[in-house]
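Participant: Take this structure first; my questions come after.
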Amino acid sequence: MMNEPISTIMKEDLITVKPEDSLDTVRNIFLSRNIHHLPVVDNDYHLVGIVTTFDVYRLNLKFEDYDKLSVGEVMVRKVAKLSPEEKIGVAAELFLLNRFHATPIVNPNNKLVGLVTDFDILRYNFKKAYPTQDID
């Protein structure tokens with residue numbers, strides 16, 4: 001059931017930020033788009049990090065101080081990433097073993113091509129079990 005490639009469930013139309021963007025920009029994206037993970041890319045769309053709502057939360061900053069920090073100062077640089085050909089089960093195992101909730105998907109040149117979340121895997125399995133239910 002989890003042997004299909006990640007490319008079948010990954011999100012491809014992503015919102016990203018750059019290391020020089022302000023943390024205030026990140027906060028506004030999180031609030032307005034109701035997302036929790038933002039891949040950080042360079043000008044050539046190579047993955048350089050990720051910033052999450054937890055990363056922002058643990059800073060314990062006042063909102064007025066968010067524009068004083070850049071994404072590059074708070075992002076996680078050592079990012080677990082997968083390729084589009086990896087199986088969905090590999091992503092599920094990564095999430096379970098590390099308590100991750102998302103992982104970027106990159107091509108062999110480290111260019112960002114997608115993102116998979118634990119919710120994507122949950123939805124995938126739900127649709128397999130209940131194909132007539134519409135949950136989108």
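A short reminder: the numbers here are calculations on the coordinates, not readings from a lab. From a predicted model like this one, the values you see are computed outputs, not experimental measurements. As a convention, Cβ positions derive from the backbone with ideal geometry for all residues, glycine included, and neighbour counts pool all protein chains shown.
Participant: Using only helices, what value at 222 nm comes out for the chain when you add -39,500 (n - 2.57) per DSSP H run of length 4 or more and divide by the total residues, to the nearest 500 deg cm²/dmol?
Facilitator: Mean residue ellipticity at 222 nm (helix-derived): -9000 deg cm²/dmol.
Participant: While we're on this one: Relative contact order of the chain: what whole-number percent is it, with Cα pairs under 8 angstrom and at least 6 residues apart?
Facilitator: Worked out over the chain, it gives 30 percent.
Participant: Relative to the longest principal axis of the chain, what angle (0 to 90°, nearest 10) does the C-alpha long axis of helix 118-129 take?
Facilitator: So the inclination is approximately 20 degrees.
Participant: Something else now. For the chain, set up a Gaussian network in which alpha carbons nearer than 10 Å are linked by springs, and say which option among 59, 14, 47 fluctuates the most.
Facilitator: Maximum fluctuation in the GNM of the chain, among the listed residues, is at 59.
Participant: On C-alpha positions alone, give me the angle between the axis of helix 23-33 and the longest principal axis of the chain, in degrees, nearest 10.
Facilitator: 40 degrees
Participant: Count neighbours as other Cβ atoms within 10 Å of each site's Cβ, and list the trypsin sites (Lys or Arg not before Pro) in region 1-91 that are DSSP loop with at most 14 such neighbours. Don't skip to the end; give the middle numbers.
Facilitator: Details: sites: 11, 27, 33, 58, 62, 68, 77, 78, 81, 87; in loops: 58, 62, 77, 78, 81.
In loop regions of region 1-91 (DSSP not H, G, I, E or B), the sparsely surrounded trypsin sites (Lys or Arg not before Pro) are 58, 62, 77, 78.
Participant: Using a cut-off of 11 Å between beta-carbons, work out the net charge of the residues near residue 86 (Lys and Arg +1, Asp and Glu -1, residue 86 not included).
Facilitator: Value of the local net charge: -1.
Participant: Please go through region 37-115 and write out the GluC sites (Glu not before Pro) that DSSP classes as loop and that have at most 13 other C-beta atoms within 10 Å.
Facilitator: In loop regions of region 37-115 (DSSP not H, G, I, E or B), the sparsely surrounded GluC sites (Glu not before Pro) are 85.
Participant: Let me ask something else. Going by how many other beta carbons lie within 10 Å of each one, how would you line up 95, 54, fewest first? Working shown, then result.
Facilitator: Details: 95 18, 54 12.
Fewest-to-most Cβ neighbours within 10 Å comes out as 54, 95.
Participant: Have a look at region 8-136 and give its Rg and Dmax from the Cα atoms, expressed in angstrom.
Facilitator: Looking at region 8-136, its Cα Rg and Dmax stand at 15.4, 49 Å.
Participant: Right, next: Would you look at the GNM of the chain, springs on alpha carbons closer than 10 Å, and say which of 66, 57, 45 moves the most?
Facilitator: Looking only at 66, 57, 45, the biggest GNM fluctuation is shown by 57.
Participant: With the chain treated as a Gaussian network of Cα nodes joined by springs under 10 Å, which of 50, 29, 15 yields the largest mean-square fluctuation?
Facilitator: 15
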